[in-house]
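To start, the structure itself, in structure tokens.
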Amino acid sequence: SRHCVNLDSRTANVTVKPFELDLGFQFELHVRVSGKRINVSEIPELPIPEDWMRDKLELAFYKTEQAAGGGEIENVTYTQGSGTAVITFLKPG
């Protein structure tokens, strides 16, 4: 756990200590399904940027293609703070 590091002609003794990253989030979504669009509600407010949440929603509904009828995503409309999103698919399903 102890290391010696050379930085700009100087030597520094450092100690490595473990730490935990809070990267995982688990939450429940409530969904209403129709043809090409899915309205998602009660999305919890997470400390991540809006574009990250849009990407996560897109991946989640794209991945469900084999199991639950997801597919290619045309658009994801998500507004942080409202707890809602609209997922629009390329093809109805």
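Please treat every number below as a calculation from the coordinates, not as lab data. Because the structure is predicted, anything quoted here is derived from the model rather than measured. Cβ: placed from backbone, ideal geometry, glycine included. Neighbour counts: every protein chain shown.
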- Item | Neighbourhood charge, 13 Å Cβ-Cβ cut-off, centred on Pro92 and excluding it, Lys, Arg +1 and Asp, Glu -1 | +1
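Full-extension gain between Thr88 and Glu20, please, as 0.36 nm times their residue separation minus the C-alpha to C-alpha distance. Can you show the working numbers first?
Working: separation 68, 0.36 × 68 = 24.48 nm, distance 3.62 nm.
Contour length minus Cα-Cα distance gives 20.9 nm.
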